[in-house]
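The values are calculated or read from the model by the stated rules, or taken from the named source; none is laboratory data. Being a predicted model, the structure only gives us computed values, none of them experimental. FYI the Cβ positions are ideal-geometry reconstructions off the backbone, even for glycines, and counts take in every protein chain you see.
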Amino acid sequence: MLSKRTWFVIITLGFLGSLAWGVENQFFNTFMYNNITPDPRPISWMVAASALTATFASIFMGALSDRLRHRWGRKPFLLIGYLAWGITTAAFPTAAFFKPVGLAIFLAILFDCAMTFFGSSANDSVFHAYVTDITTVCNRGRVMGVLQILTWVALLIVYGGAGFIIEGVGYNAFFYLIGGMVFILGLLSAVLIQENRPAEPVQGSYWSQITSTFQWQTLKRQKDLLQVLFAITLWGIAQQIFFPYLLIYLNHHLKIPTLQSSILVFIAILIGGIGTAYPFGLLTDRIGRRKVALMMVVAEAVGLLLFSFSRSYPLLVITGILWVAPISGWTIATTTWVKDLFPEDKRGQFAGYVILFSVAFTMIPGPLIGSWISTTFGAPIILDGQPGFVPPPLVFQAGGIATLLAALPLLRARETRTSSPVDEEK
């Protein structure tokens, strides 16, 4: 059983992480498009650069937290990481003050990478390693279900409140508010962390810990984990073909204003994301990770194809729900699955490898494919004197078809699970 204090830490840090990533994944892109340049290519460059930063930060800082866990625990990494994450999120919009446009683009990408370094170190690797430390194979699906609800609640706040804040006081105040929340609540919750530290340090040197992961014998022992990670990569590439351009598509292709677009996404997340997350978590513990994941692949492909053909506002809401809901089920099933398979003494490091497969391998090719589709098949546009292109429905159709490829590695992966200290005591 997890204590109320532990649940508070999980809920708060999980919520803040999702809140900050929601802003970075969507509104850093729209800020770049609306305030710096409407050319989709810099968005793809920024996404790719932040993906590489997230990967290296999560692997190397995750491994460092594994090695120092016996001495300090994971608390210092979470405390420093969340504080710096809040500061760098608030600093991002200052890039637009610089001229010429090329310098503003460079600084926006640089600021995004700085924010990503701290966020990925704190949340993607160390926080998820901490969650793995304190859960077992019996309750992990439920905890991941709660975290998925928090992800959608955070996105709901971002999308639902963003339209009002941005239209009322501008982008800067919006970024200041989000950064301030991450800083203050991150400080409070990180201080409250309670954890059991291992008695012995990780054996070997820091570099041998990282390089040993890529040895053939290690890869053979982790082949089931690798299959699931490959599936996560294929799913993520499909998602990144369309997701960075979602609001741009709604605003400029369908001519739906920012406020109405935020409401549309708000409803889809409320019903499709939050409403299904906890039941999917229970279902994942009950019938298994693979069955849930395979069902979500088919459902996501269907939902995206239907969304791409929708034109009326009610149909966009309904089909939006149909592709948002499978994201919950997929995320819960696969993140629970990989946590079951993490080596016990390298959980922070392997949480970093999840980012390698789910971020670096996806956020580089995915947005580039979406950008190519937009510049090749999208309508040209002039926005504030800058030439660009409007993403077409084809980005959602391509994403839906590509999603089906994620099923292939899952058919070969087994749900073998490593034991945890709690299980061994039982």
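Here are a few things to note about the model shown:
- Of the set (1) farther than 22 Å from V395 by Cα; (2) buried (at least 22 other Cβ atoms within 10 Å of the Cβ); (3) of a type in the set (G, A, S), all apply to S3 but (2).
- Within region 178-189, residues that are free of Cβ contacts under 8 Å to residues at least 60 places away in the same chain and crowded, with 19+ Cβ neighbours inside 10 Å reach no partner that is among the β-branched types (V, I, T) and assigned to a helix (DSSP H, G or I) with beta carbons closer than 9 Å at six or more positions or on different chains.
- Residue satisfying all of: in region 345-376; touching a Phe, Trp or Tyr at 6+ places or on another chain (Cβ under 6 Å) and among the polar types (S, T, N, Q); surrounded by the most Cβ atoms within 10 Å (Cβ to Cβ) among these: S374
- In region 340-352 there is no residue matching the filter, namely being in a helix (DSSP H, G or I), at pLDDT 85 or above and among the aromatic types (F, W, Y).
- Hey, L259 buried (at least 17 other Cβ atoms within 10 Å of the Cβ) and part of a helix (DSSP H, G or I) or not: no
- Taking the conditions (1) in contact with a Gly (Cβ under 9 Å, 6 or more places away or on another chain); (2) surrounded by fewer than 24 Cβ atoms within 10 Å (Cβ to Cβ) in turn, T89 satisfies each one other than (2).
- L368 vs. criteria touching a residue at least 40 places away in the same chain (Cβ under 8 Å) and under 23 Å from the mean Cα position of the chain (by Cα): yes
- If the condition is being out of contact with any helix residue (DSSP H, G or I) (no Cβ under 9 Å at 6 or more places or on another chain) and without any contact (Cβ under 8 Å) to a residue 24 or more places away in the chain, then region 277-320 contributes I287, S312, P314.
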